[in-house]
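The values are calculated or read from the model by the stated rules, or taken from the named source; none is laboratory data. The structure displayed is predicted, hence computed values, not measured ones. No Cβ is skipped: glycine too gets one built from the backbone with ideal geometry, and neighbour counts run over all protein chains shown.
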Amino acid sequence: MSTVSNQPPLLTPQLMHQLERLELVTRKVFRGRMKGERRSKRQGQSVEFADYRNYVPGDDLRFIDWNLYARLDKLFLKLFLEEEDLHFYALIDNSLSMEFGAPTKLRYAQQLAAALGFIGLVKADRIRIETLGPGSHAASPIFRGRASQWRMLDYLQNIEPAGATSLVDGVKRFCIRNSGKGIVVLISDLLDKQGYEAALRCLLAQQLDIYVVHLLCDEELNPDVRGDLKLVDCEDDDVAEVTVSAPLLKRYQRTLQAFTGGAREFCARRGITYVLADNQTPVETLVAKYLRRRGLVR
Amino acid sequence: MGDFLHNTLSAGPWVLLALIPPAVVLLYFLKLKRVPLEVPSTYLWQKSIEDLHVNSIWQRLRKNLLLFLQLLLLLLIMLSLLRPGWRSTAGTKDRSIFLVDNSASMSAIDVQPTRLAEAKRRIRELIDNMGSGDKAMIIAFADGAQVVQEFTDNRRRLRERLDAIEPTDENTSLDEALKLAAGLANPGRVAFDERDIQVADAQPADLYLFTDGKFPTVANFSLGNLTPIYVPIGDPEVGNVGITAFSTRRHESKAGMLQAYAQLENNNSRDAKVTAEFYIDGELANAEQVTLAAGERQGLVFPFDSAGAARLRLELSPRDPLRVDDVAYAVVNDPRRGRVLLVTPGNSALELALATARAKELAEVETVIPAYLETETYRIAAAEGHYDLVIFDQCAAGDALPRANTLSIGRVPSSAWGDAQAVPKVANPQIIDTNRAHPIMQLVDLDTIDIAEGAILSPPAGATLLIESGAGPLAAIAPRDGFEDAVFGFEIFGKDDAGETYVNTNWPLRSSFPTFVFNMLQYLAGPADSVAGGSVRPGEPVRFRSVTGVASVDVDGPGGSRHEVKRNQQHEFQFSQTDHVGIYEIREGKNVTQRFAVNLFDSSESDIAPNPEAALQIGYVEVEGRSGWEFVRRELWKFLLLLALFVLAIEWYIYNRRIYI
């Protein structure tokens, strides 16, 4: 926030206000690290009753069900569900290709990550923002609690495009760094010549609740190009010579459909939630409508 | 092809122009520097291109669409610089009338294949150039005129009907055709009160006249709203030698011999040497070589011996452009003598006159007394028309006149001539006039004859007076149902009250009497109105009587045509299908009884050279000949330039929108 002052804030107060009412949901129940607001597999201290068990010496006397003892003359211990925090990872693709579009896909990814992170922070979840790029800056510290929102936003603002980044390498690094379970939202354009499949498989192995936000900009969805062009790939400087024609554009659209369709099917088969987003959809709409429908937020 | 293209540029500009297409191609290849554009990823593009590379030739063509359009534009511009176009006739009016001459002279072959075909070709040219909605009418004319096709804008129909026009052997007359053509253009007028108005809107039309111009000047015709265009057909230099007459007659000095007389006419502008071949019944009988000076006519005589009927043909060689007048036909019919019945109690003068050798050649005479009239034999013979002539001398014809010509001497034959008892008689009538124009009275001089007593006749309506006296008609002839009754009011030999024979006139002593008898036999007893070796022109009707008294006859024309002809009320046969020259044979039953010939014999038709400088005279208007059309060049360059503009617009659009097919 302080470094890039000329950019509008990632989250407006109105958006924050809107997001306060939402919470992150996971279809799986994970064990958290700290006490939080989420039901955990662990039994512990909460108001939510779980079970009884026989008293063994050494147990905390505070949890003995005295009413039951009065009736049965036996000591039972009341067990409560533990409420713990949720691990939420936002994995942002910060390759050069994300620098396209207006707003840039990267900016859009930052906004989305900020919105989702904010929701998590409000609900006392454990938030971590990561980028696919190499280096120590790739992973943020863990944010927890509403008070961390400014730090989180600051971190997000400072994410820079990091040159040619391999999707699979970035995901591998992420997996090595984070062994914990939780929700991971991968925000990427998936435009990697080596394919996105290996990267998603890596994530799957982590037993994470995976969401893929496939973010494409307008230039990719409806390219407005004319004439004889030498298309240069911004990441690997690969060149494609094209003479734009109606059949070529039609063919491109078909390829694009096949690409997104393939990704959707790949995800659907593996229990990954896939959301195709373009940078023209406002972030609040995406969060409040599409992701809500997909079950990421409630 | 030279006509199709008109080069408008000289060599220099063409070289410059020819350099442009290679320059365009060169620029096109130079231009192929692609604009670099940074994209997020070429991943999707590469995949798309890979698919398109499969049909790369077509893709390359598509890529070069602009180049092709530019080259097409240049090609169109070059083509329009060559000014392509074709010759076409100047626009006709929206109504045209085509008058086609199909007379004999149009069969001349000085223009290949024939003049008529040439005329048809030119008309077809005009029909082809008709705009849509233009109407045309076709009239064929020769001796008469015939509307071949009414006004129509159906060009296919016009062409069909045009092709159906056949040549005829008739001569030419324009009057009727002009009247037909003028019907619509010059509507009649109807008088109302003090003004007169047209009965219909005048519809002006172009009158195209396709003819060789050999016809009499048309007088008393106003063209009115017709614009005449005279198109002379034929080679003005062409010449023709034709037969303008061919007939037979008895040899002047040798009895039993006939001679054929022919007249040749040379319409060449130079001398012509022809051979005339004379055929009798298809066999060459005589030939003569004749040299005719330019414009000269010359007669030829071929004496020949003939016993019975013969078919004569005269042919000229070498053949010239007009074939139809190079052959002439004549016939010699069976020498058939007239049958004459003389009913007389005794008339030595008449009998003597009928017994002359000359009279015997013409007729066989049967002499009977008046009592014969009462017999059944006579009645049947009279009713059947056995006799050609019945002469009633000193007797009345009786109740029914025979089906024959009659000559009544001293009596009236029927009540049509007045009451027989009340015929006023005058003594010594003075002959004041004889009708020399009538064939019976030709060369008959009655100035010096005296008549003791004569009856003044009151001939029926339609009669022709033959002899007139101071008191009234003495002799007359009147028609009756196809026959004729001649009546002489004075006897030659009379009988007085005592029954003594007296001489009533001194006419038998005069030389005019045998002349009269001869005339009478020829006129009344001759094969009546028979064509007897005569010749008619094509298209003219022929009238004849049967020899055997049948009700219908067959007429065989040249070329195997056969027509059945029925007898009309005048006991005559009338035949009008004389369209072609040649010999026509009349069959009664199976036998050929008579023949007649149809020949052109028209020196104006034989003079086939059209004269384009000489204008046609129609009414008071002189119509100049027009040897060709006013040709206009219809050019394409405007359309080509428009097309080029269109191509340019497409090229611009594609370039700007980058929309490829």
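Selection over region B:328-346 of residues that are crowded, with 20+ Cβ neighbours inside 10 Å and within 32 Å of the chain's Cα centre (by Cα) gives a count of 6. Taking the numbered list (1) outside the structural domain of B:Asp433 (by TED's automatic domain parsing); (2) part of a strand (DSSP E or B); (3) not hydrophobic (A, V, I, L, M, F, W, C) in turn, B:Asp485 passes all entries but (1).
Do we find a residue being touching a residue at least 12 places away in the same chain (Cβ under 8 Å), more than 9 Å from chain B (Cβ to nearest Cβ) and surrounded by 21 or more Cβ atoms within 10 Å (Cβ to Cβ) anywhere in region A:214-224? It would help to see each step written out before you state the result.
Pass one, region A:214-224, residues touching a residue at least 12 places away in the same chain (Cβ under 8 Å): A:214-221, A:223.
When the remaining residues are screened for being more than 9 Å from chain B (Cβ to nearest Cβ), the result is A:214-215, A:218, A:221.
Among the residues that remain, those that are also surrounded by 21 or more Cβ atoms within 10 Å (Cβ to Cβ) are: A:214-215.
Scanning region A:214-224 turns up at least one residue that is touching a residue at least 12 places away in the same chain (Cβ under 8 Å), more than 9 Å from chain B (Cβ to nearest Cβ) and surrounded by 21 or more Cβ atoms within 10 Å (Cβ to Cβ).
Answer yes or no as to whether B:Glu288 is over 21 Å from B:Asp325 (Cβ atoms) and either surrounded by 14 or more Cβ atoms within 10 Å (Cβ to Cβ) or at pLDDT 85 or above (or both).
Working: over 21 Å from B:Asp325 (Cβ atoms): no; either surrounded by 14 or more Cβ atoms within 10 Å (Cβ to Cβ) or at pLDDT 85 or above (or both): yes.
Here the answer is no, as B:Glu288 does not meet what is asked.
Taking the numbered list (1) surrounded by 14 or more Cβ atoms within 10 Å (Cβ to Cβ); (2) in the same structural domain as B:Arg510 (by TED's automatic domain parsing); (3) modelled with pLDDT of 85 or more in turn, B:Ala359 passes all entries but (3). Put simply, of A:Ala115, A:Ala124, A:Ala109 the only residue that is in contact with an Asp or Glu (Cβ under 8 Å, 6 or more places away or on another chain) and in a loop (DSSP other than H, G, I, E, B) is A:Ala124.
Filtered by the rule that a residue be without any contact (Cβ under 8 Å) to a residue 40 or more places away in the chain and surrounded by fewer than 20 Cβ atoms within 10 Å (Cβ to Cβ), region A:155-186 gives A:Ser166, A:Val168, A:Asp169, A:Lys172, A:Cys175, A:Ile176, A:Ser179.
Taken together, the residues in region A:102-124 that are at pLDDT below 85 and either touching a strand residue (DSSP E or B) at 6+ places or on another chain (Cβ under 8 Å) or crowded, with 24+ Cβ neighbours inside 10 Å (or both) amount to 2.
Restricting attention to region A:78-106, the residues being in contact (Cβ under 8 Å) with a residue 60 or more places away in the chain and either within 14 Å of another protein chain (Cβ to nearest Cβ) or over 23 Å from A:Arg21 (Cβ atoms) (or both) number 15.
Residues that are under 48 Å from the mean Cα position of the chain (by Cα), among the aliphatic types (A, V, I, L, M) and surrounded by fewer than 18 Cβ atoms within 10 Å (Cβ to Cβ) within region B:367-417 comprise B:Ile380, B:Ala383, B:Ala400, B:Ala416, listed in sequence order.
Suppose we filter A:Gln206, A:Gln194 for residues that are surrounded by fewer than 23 Cβ atoms within 10 Å (Cβ to Cβ) and either within 14 Å of chain B (Cβ to nearest Cβ) or touching an Asp or Glu at 6+ places or on another chain (Cβ under 7 Å) (or both); which single one remains? Walk me through it before giving the result.
Values: A:Gln206 fails: either within 14 Å of chain B (Cβ to nearest Cβ) or touching an Asp or Glu at 6+ places or on another chain (Cβ under 7 Å) (or both).
Only one candidate qualifies: A:Gln194.
For region A:255-283, enumerate the residues that are closer than 19 Å to A:Asp218 by Cβ and either at the interface with another protein chain (Cβ under 8 Å from one of its Cβ atoms) or in contact with a helix residue (DSSP H, G or I) (Cβ under 7 Å, 6 or more places away or on another chain) (or both). Residues satisfying the conditions are A:Thr255, A:Leu256, A:Phe259, A:Val275, A:Leu276, A:Ala277, A:Asp278, A:Asn279, A:Gln280, A:Val283. In summary, strands (runs of 3 or more DSSP E) completely within region B:62-151 and bearing 3 or more residues that are crowded, with 19+ Cβ neighbours inside 10 Å occur at B:95-101, B:135-141. Does region A:71-88 contain any residue that is in a helix (DSSP H, G or I) and outside the structural domain of A:Gly180 (by TED's automatic domain parsing)? Yes, region A:71-88 contains a residue that is in a helix (DSSP H, G or I) and outside the structural domain of A:Gly180 (by TED's automatic domain parsing). The strands (runs of 3 or more DSSP E) falling completely within region B:298-352 that include 1 or more residues that are of a type in the set (A, V, I, L, M) and in contact with a helix residue (DSSP H, G or I) (Cβ under 7 Å, 6 or more places away or on another chain) map to B:338-343.
Filtered by the rule that a residue be among the basic types (Lys, Arg) and more than 20 Å from B:Gly494 (Cβ to Cβ), region B:389-415 gives a lone residue, B:Arg403. From the list B:Val54, B:Val39, the lone residue that is more than 30 Å from B:Gln203 (Cα to Cα) and at pLDDT 80 or above is B:Val39.
Condition test on A:Thr285, is it within 21 Å of A:Val184 (Cα to Cα), surrounded by fewer than 18 Cβ atoms within 10 Å (Cβ to Cβ), in the same structural domain as A:Ala198 (by TED's automatic domain parsing) and among the polar types (S, T, N, Q)?
Numbers: within 21 Å of A:Val184 (Cα to Cα): yes; surrounded by fewer than 18 Cβ atoms within 10 Å (Cβ to Cβ): yes; in the same structural domain as A:Ala198 (by TED's automatic domain parsing): yes; among the polar types (S, T, N, Q): yes.
Against the criterion (within 21 Å of A:Val184 (Cα to Cα), surrounded by fewer than 18 Cβ atoms within 10 Å (Cβ to Cβ), in the same structural domain as A:Ala198 (by TED's automatic domain parsing) and among the polar types (S, T, N, Q)), A:Thr285 qualifies.
Within region A:233-252, can you find the residues that are polar (S, T, N, Q) and more than 7 Å from chain B (Cβ to nearest Cβ)? First the steps, then the outcome.
Filtering region A:233-252 down to residues polar (S, T, N, Q) leaves A:243, A:245.
If the condition is that a residue be polar (S, T, N, Q) and more than 7 Å from chain B (Cβ to nearest Cβ), then no residue fits.
Criterion first (without any contact (Cβ under 8 Å) to a residue 60 or more places away in the chain, under 19 Å from A:Leu24 (Cβ atoms) and touching a strand residue (DSSP E or B) at 6+ places or on another chain (Cβ under 8 Å)) does A:Tyr274 satisfy it? No.
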